[in-house]
Each structure stands twice: as C-alpha cells, then as structure tokens.
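Mind looking over this structure? Questions follow.
The values are calculated or read from the model by the stated rules, or taken from the named source; none is laboratory data. Keep in mind the model is a prediction, meaning the values are calculated, not measured. Neighbour counts are summed over all protein chains in view; Cβ atoms, including those assigned to glycine, are modelled from backbone coordinates with ideal geometry. The accessibility values were calculated without ligands, DNA or RNA, using every heavy atom of the protein model including side chains. Shrake-Rupley method; radii C 1.70, N 1.55, O 1.52, S 1.80 Å.
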Amino acid sequence: MESQYNAAAIEQKWQQQWVKQGLDKTPENSDKPKFYALSMFPYPSGNLHMGHVRNYVITDVIARLKRLQGYRVLHPMGWDAFGLPAENAAIDRNIPPADWTKQNIAQMRQQLQTLGLSIDWDREVATCFPDYYKWTQWLFLQFYQAGLAYQKEAAVNWDPVDQTVLANEQVDSEGYSWRSGAKVERKLLRQWFFKITDYAEQLLTDLDKLSGWPDRVKLMQENWIGKSVGAYLEFPVKDSDEKIAVFTTRPDTVYGVTYVVLAPEHPLTPKVTTEGQKAAVEGFIEEVSNESEIERTAEDKPKRGILTGGTAINPFNGEEIPILIADYVLYEYGTGAVMGVPAHDTRDFKFATEKQLPIKVVIVPENSEDNNPTLTEAYTEPGIMVNSSDFDGMQSTEGKTAIIDYAEKQGYGKARIQYRLRDWLISRQRYWGCPIPVVHCPNCGTVPVPDADLPVKLPENVEFTGRGASPLAKMEDWINVPCPNCSEPAKRETDTMDTFIDSSWYYLRYTDAINDQEAFKLEKANDWMNVDQYVGGIEHAILHLLYSRFFTKVLRDRGLVNVDEPFNRLLTQGMVQAMAYKNPKTGKYIPVDKVNPESPKDPDTGDDLDVFYEKMSKSKYNGVDPKKVLGKYGADTARMFILFKAPPEKDLEWDDADVEGQFRFLNRVWRLVNGYVEKKPEVISNKEFSKEEKGLRRAIHTAIKEISEDLEGDYQFNTAVSELMKLSNALNDAKCIDSAVYREGIETLLILLAPFAPHIAEELWHNLGHDHSIHLETWPQVDPTALVVDEITLVIQIMGKTRGTIQVPANSSKEELEKLARESDIGQRNLDGKEVKKVIVVPGKLVNFVVPK
Ligand SMILES: [Zn+2]
C-alpha cells in the first residue's frame, strides 16, 4: 500500500484495468432501465481545453452515478470532424485534411483518456470518415425523396477571403466573417436548401414538451422560429396589373398606410421605377448589394431608402401612395415588401420622418379627444380606430380580424401566419465536408446517386491553394461520371454539406455505431432514444439543437425512429474563465506569466493593467492547460475542482488555491481510509447503537440523502462535494473506529465519491480488501431511522434569561419538558423554593420560568 497519494500512478493503473475489465462497455442485453448520457462531441482541433474538460467531466459524473443507481448506460464519444480548419491546415502546412484530422483525433482521444472518463470507445464515431458520411449522404437522399432538399438561386453571404458561402449565423453583427474576419459580401449562387420551414410549427409547439431544457434555450429557439400572426394584403400598382404583396401583423392600421417599400432585389423594382428615378435606383441597388443582411437589418443603423417614382393604391381607401425601395427590406424574407404605417410603427416613424413622408393617425388611445394628434413618436399601443371609414370607433384589437375578413371578401387579402425561420442553406463550396450525393445530367437533370453507390468518397491527392472555388470543382476525374439514370456523360455536384448536418444525427449513430448495413437499426435507436441527459455549451442553443430536432422529426416521419424529440434534458454548462490582464491604453492582453499579480503592470510600458476574469482563450493569454493541471495534481483533483467550484450551468472562475484545496481534501480521504486499514480494527456489530454510533450513522445517512438529492435533476455537484467533505470530517472525528458503523461510513464515503473522483475511490476500495470494482457497487440507500434525532438540547431560562442547557429526549411532550427542566440541576438551583407564576414551553427549544421578582 502506497503511503503517499500518488495520483499519476493510481490513475494510469486503474484506467488500464477498467479497459481490461470492459467496465465502460454499453450493456446490450440487460433488463435494467436505460440511461443515455451524452456530451456534445468536439471538433478535433488537436488540443483539449478546459471548456472540454468541464463538459465531459460533468457528463461522466452523471454516467457513473446512473450506473451505480442501477441503470444500463450509453456514454459515447466522437468527433465533429469536417470543417474549415482542416482545410486551412492543408493550405498552410501542406498536410492532407484527412491526415491532419486523424492525428488530432488520436491526440485528443489520448488526452480524454487521462481524465478517467467512462466512455464506451467501441462506439466512437468521426463524421469525416466514409463509414459515417456514407450514412449522412443516405440521410440527405431521404430528405431529397421527401421533397425536403431542393436547389434554388439565392443571395448568399460570400466570404471573399475564404471564398466560401457563410450561413447568416457565421456573420457577426457588424457584417464580418466569423472565421476569416473578412467583410462579407452578397452574391447570387445556386444552392442546396433543407426545407426546415415545413416543420416550423412543430418545432415551435414541441418546445412545450421539453420540460428538462433551460427556459432561456427554449426562448431563444422560439424567437429564432419567430412566429407572427397577421394578414397578407395586396396593393395594386397604379396603371399596371401588378400587385405588391405585403405581410403585416397590424392589419388594424391599414388605413394609416402612407407608402410601401420593396426590397431592392424585388422583381417589381425595375417595373415600378420611373424613367426619372432609374439612375438613382440603380445606383442605390449597387450600393446595397455589397451589404450583408445583418448590416441591412441592424436596429441601430439609419434606414436608407429611395423613391422609385412608382405609385401604389391602398385598396381599402383608394389612396395613392408612393413606392420606395429600402435596404432594411429583404427579398428572402416574407413577401419582400412592407407597408409603411409611420403613425403606429417605430421604425416606420423614423423612416418617414427622415424621408418627409406623410404620417396619418388611425389609432388613438381610448377617450382621446383629438383624432388627428401630432405625434412625436409612433403610437404602437392598442386603442380605438379612427380615420378608418366603416371601422371607426372599433377596438383596434378587434379591428385586426374585422379588416382581414373585409379584405378577404373584397379579394385583396387574407389571414396568414409567418415565421422568421427560413430554409436551411446547406451548400458549402469547400473540400472538407460530406459530398452531396447527386449527379447533374444534361438529359435527366438532378439525379440522386443510387444507395448501392454510396458513399460518394472525397477524392484524395487534392491540391489546396486557398483561392478560387472549391478544390472539388477542379477535380476533373472525380467530377465527370456517367449519369446513373441514362449513362450519358454527367457531372457530380461539387458542393459539400454544412457540417451542422453531420452533427444533426450523430446521437442516433451511437446507438448502433458499427452497423455497415444501415445508418442505425430502428430497434436500437428506439431502445436508447431519447438522450436522457445532453450536456454542452450555450453557443449551440439555437442551431445545432434546432437542426437536431428537425432531423429527428423528419426521420420519425420517414419511419426511421419512433421519437418526436432527441434530447430529454439539456444542461448548458457555463464557461471556464481565468484571470486576464489587459493594458487599458493599448487594449493589448498581457500573458499571465509576465505579470506580477501583486502589482500588475505592462512589462513593456509600465502602465497599470486592468485585471478581470474572462473566458480562457489563446488570444487573452489566460488559458490553463489541462495537461499541466493533470500532471501536477491528477485527474481526480481536476475533476473535483471543476465540480466544486461552481454549479454546472454557471461560469467557473479558475483559481489555483481552490485546486490545491481539492487536492488536500483527496489527501485527507487517502489518509483517513489507509489509516483505518493500517489499524486493522476488529469490526464489531453492536445490537444497540451507542450514542457515538448513532451520531455517526446520522452523518452517514445525511450525506447519502443530501448527495442523492443534489444529483437529482439539476445536478448540484458543488453542494454534493461539500457534503462529501462533511462526511469525511465526521469520520475523522468519530471515535468508534472498531464499530461496523464506522466501516459502513468509510465504504459509503468511497461509493459516494466514486462518480466524482473515480480513481482514488477505486484504489481505496481495493485497499479495504474488496476485489471487485467500486464502480460495480450500488448507490447507498438512506435509512430514515438513522436520520431521527433522539436527543435535543433544551435551553432553561428564568425570566427570559438563559441559565443553562440540558439534553432531553427529542419526542418529549410540553408537560414532560417542563418536568425535566424543573427537576434538572439547573432548574432546582435557580427555582429553589420560588413560586412559579407561569411557564413558557417552546417545544424542541426552551423552557422559560416566570417567577416573582
Ligand atoms: Zn441522365
């Protein structure tokens, strides 16, 4: 038996032992209830950072806990391995993306294994390998057959540096690319889309089923889907057969329309533009074409627009109104046109004021005396309709339906529901992604690659220059293939898929990861789904989670799974932050090791530095390398610190002193258990528990109760660790070392500790003489009788003044308490023949005697 706690030695030993024993394998044939614990899989950058460590440790504690609690557990890991960095590495270092990715995966897998994670590595998946992406392609074709994958010409966000199309969410609020930092341009390209809008309503209403998700995540999804209920209305163009269609959530304000606005790209724009405005309109369109969508719609930006010279007619009152174009109206969104109601819409009010367009009031507050007030800002509240012909005097909330009914009868409008959610643009003009399995034939058009010919493999020996179109577009041998349909010469699709597709179904693959006949067996997917606990970063609150939900619903409709939703419970862990030092004058971050923490100054300029906690990152020079922490203290200490320092959903501030604190705690447990083993006490089971034993039992079962409760639902690991410390202290203080109760206490402590610090718990468990793994044990049950407090401390007061305390049975009645207090030494001494006028008894607390002065 080692006398010193040597984390490195025992951790390596047990990690190897556990692999040999197959402890982390997923039980296949078992009657136990199932539990599917899943971490969001990482991109294999090559280096594990603290954010990863926190994520995977949280999931691991849950997986280990559930095994102890009698579940069969699926706890897999894999790699979200397609994406730009591998391609950039190929450009910078001339390494094929596949080789670079394989190296990184090997490196990260090794790093993960040092954390002692109970992962079933037999089910490892990597999205970039043909045995996985074959099925991504097969699933794409499922979408295609369902009419949910289609091509259309679309204005896209074009990154001029990476030469690729970006999704909206890859463009920041200033209009710059998330990866290259380049100013994003707009460009028209033929693109593949997934029709996620067909599922908008289900994706919205099924949020109600997700009771185990954080409310803020559900709210973010709800806003992203953005349902609005309103009216579709048509405004005829004067002297033309054309009509401008708009969507509005405020049909009650339609009599207040004083202009309409088209998106610059709207097909009607050239048709309504007059000769006199032509040059100005074309100039404006040219200007807008280089702006990203996010720039155009940014709230804080002035709205730019210009008159086309054309005139539309408000069908409700026959008024002639000007037609404008403006940058804030997007052709891809809604109808690509909006009606302008400056009196009752904040944005329109600003725009009309700037453009000197008329403002016409049609809603006034209840009991208003003036039907034509001069507004200083838009009146957006409900009220009474005025200047609205037959609708005058009506409540505006009722007016909405009345106007829609009227428009429907007249034939120029109807009720409509609109969503902010748009179809998912999945085309990427990149090499390192899953090839879209279709062929373009001059005779047959778009032809899916037959299932038997899947996967369409990525060609090797590709040249990466970093410029121009996708490297695939230059691979003549690969592109030119006979049409699967008519055998005439045809061309492969050269776009690859958005990597979010790869990660939209990986949780299903894990249920049947080695199947080379199917993406996954229906029975296996149905057996393990849903994921019971999903753990990952809040940055995935919208896209990854929404796309995964969409995939699950489509696959359900194709009969491939039987569930509506993929993830029952979601835990979004907080960030890992560390102290950062920044020079407020230069804005530069200074590496932590160049700063004296006592008086932080810039070593170059001598300026005082700002000191604050910030997310660990390379650019802030404040990362803590997991390898270093593990090397110094071991995985168990790192795990304990991460779990103890903050509740899992909150940000965690790195603190070396607290890491040290956890290391000391594990050392105390080490000495406690090994000290016990060395004394080789006889284990005596008394029929009646002594007072000492009763106290210790209470401590043991309180720990079981508190920790079990902390690990239900919200997983309050931090308070659970505090309870472990209390139990360890109670054992340290207890004198009854040769009692069976003490032995129970030591074993319980180790089992409760096992999910948190699995290696040291295993080592000490074996030191106690067990020869099976502690991770095969059963989570201890609370004995409620052990929690009963049988004696309490009673305070004795005379005239409200405390004279002393006595120990009394906890279940004593009021009368008994009074009697015990009177007869006690303290009572007799202080009352000594005095006449007691009154006795106040507070059960469980005190007895107060009132006597004459
Ligand atoms: Zn053909």
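What percent do you get for the relative contact order of the stretch 550-675 when only Cα pairs under 8 Å and 6+ apart count?
Relative contact order of the stretch 550-675: 25 percent.
Quick query: amide H of Gln191 versus all other amide H atoms, modeled in the peptide plane; which residues come in under 5 Å with a sequence gap of 5 or more or a different chain?
Counting only residues 5 or more places away or on other chains, the set is Lys152, Glu153, Ala154.
I need the calculated FRET efficiency for the pair Ala452 and Lys521, taking r as the beta carbon distance and R₀ as 25 Å, to the nearest 0.05.
0.80
Below 8 Å, C-alpha to C-alpha, sequence gap of six or more: please give me the relative contact order for the chain in percent.
13
Continuing with this model, one more query. Counting other C-beta atoms within 10 Å, and keeping those with at most 15, which DSSP coil GluC sites (Glu not before Pro) do you find in the stretch 799-845?
Glu835
Roughly how big is the chain's charge dipole about its Cα centre, with Cβ charges of +1 (Lys, Arg) and -1 (Asp, Glu), in debye to the nearest 20?
Details: 99 positive and 127 negative charges, 432 e Å.
Rounded to the nearest 20 debye, it is 2080 debye.
Working out 0.36 nm times the residue gap between Lys13 and Thr380, then minus their Cα-Cα distance, what length gain in nm do you get to one decimal?
125.2 nm
Among DSSP beta bridges whose residues both lie in the chain, state the antiparallel percentage, nearest 5.
Percent antiparallel among DSSP bridges in the chain is about 75.
Could you work out how far apart the two model spin labels at Ser722 and Asp593 are, taking each label as a point 7 Å from the Cα in the direction of the beta carbon, and quote it in nm?
Computed distance between label sites Ser722 and Asp593 equals 3.6 nm.
So for each of 12-23, 492-503 I average, over its residues, the number of other beta carbons within 10 Å; can you give me the resulting order with the highest mean first?
Most protected by this proxy first, the peptides run 492-503, 12-23.
Quick one: net charge around Val795, please, counting Lys, Arg +1 and Asp, Glu -1 for every other residue with C-beta under 12 Å from its C-beta.
Working: positive: Lys801, Arg803, Lys845; negative: none.
So the surrounding residues net to +3.
Normalising by the residue count of the stretch 31-101, find the relative contact order in percent from Cα pairs under 8 Å and 6+ residues apart. List each step's numbers first, then the result.
Details: 71 pairs, mean separation 28.3, N = 71.
Reported relative contact order: 40 percent.
Turning to a different aspect of this structure: Count charges around Ala646 for me, please; just the other residues with Cβ under 15 Å from its Cβ, Lys/Arg as +1, Asp/Glu as -1.
-2
Please state the shape class of the stretch 68-219: rounded when a/c is under 1.5, otherwise prolate if a/b exceeds b/c and oblate if not, all from the C-alpha gyration tensor.
oblate
For a quick check of your reading of the filter: which chymotrypsin sites (Phe, Trp or Tyr not before Pro) in the stretch 731-789 sit in a DSSP loop and have no more than 15 other Cβ atoms within 10 Å? Show your work: numbers first, answer last.
Details: sites: Tyr742, Phe756, Trp765; in loops: Phe756.
Answer by residue number: there is no such site.
Can you compute 3J(HN,Hα) from phi for each residue in the stretch 613-625, using the Karplus curve 6.51 cos²θ - 1.76 cosθ + 1.60 with θ = phi - 60°, rounded to whole Hz and x for Gly and Pro?
For the stretch 613-625, the Karplus curve yields 7, 8, 3, 4, 7, 4, 5, 9, 6, 10, x, 10, 6 Hz.
Quickly work out the Asp825-to-Thr778 label distance, labels modelled 7 Å from Cα along the C-beta direction, and quote it in nm with one decimal.
So the label points at Thr778 and Asp825 sit 4.8 nm apart.
I'd like the Karplus ³J(HN,Hα) series for the stretch 478-484: coefficients 6.51, -1.76, 1.60, θ = phi - 60°, whole numbers in Hz, and an x wherever there's a Gly or Pro.
Result, ordered by residue: 7, 5, 7, 9, x, 5, x Hz.
Nearest 500 deg cm²/dmol is fine: what mean residue ellipticity at 222 nm does the chain get from its DSSP H runs of n ≥ 4 alone, each adding -39,500 (n - 2.57), divided by its residue count?
So the calculated ellipticity at 222 nm is -10500 deg cm²/dmol.
For a test of the definition: using alpha carbon positions, the gyration tensor, and the 1.5 limit on a/c, classify the stretch 325-424 as rounded, prolate or oblate. If you can, show how the numbers build up before the last one.
Values: a/c = 2.17, a/b = 1.23, b/c = 1.77.
It comes out oblate by the Cα gyration axes.
Between the DSSP loop rule and a limit of at most 14 other Cβ atoms within 10 Å, which trypsin sites (Lys or Arg not before Pro) in the stretch 723-831 are left?
Answer by residue number: Lys735.
Here's something else I'd like to know. With r defined as the distance between the Cβ atoms of Leu219 and Asp92 and R0 fixed at 60 Å, what FRET efficiency is calculated, to the nearest 0.05?
Using R0 = 60 Å, I get an efficiency of 0.90.
Output the peptides 114-120, 513-519, 664-670 sorted from most to least packed, where packing is the average of other Cβ atoms within 10 Å over each peptide's residues.
Highest to lowest by the protection proxy: 114-120, 664-670, 513-519.
Still on this structure: Whole number in Å², please: accessible area per residue of the chain, 1.4 Å probe, ligands, DNA and RNA not counted.
It amounts to 45 Å² per residue over the chain.
Here's a follow-up. To the nearest 0.05, how large is the calculated FRET efficiency for Val842 and Lys209 if R₀ is 51 Å and r is the Cβ-Cβ distance? Spell out each step's value before the answer.
Details: r = 49 Å, r/R0 = 0.96.
That pair, Val842 with Lys209, gives E of 0.55.
Using a 1.4 Å probe on the protein chains only, how many percent of the accessible area of the chain belongs to carbon and sulfur?
48
How much of the DSSP bridge set in the stretch 534-674 is antiparallel, in percent, rounded to the nearest 5?
Details: 9 of 15 bridges.
Bridges in the stretch 534-674 are about 60 percent antiparallel.
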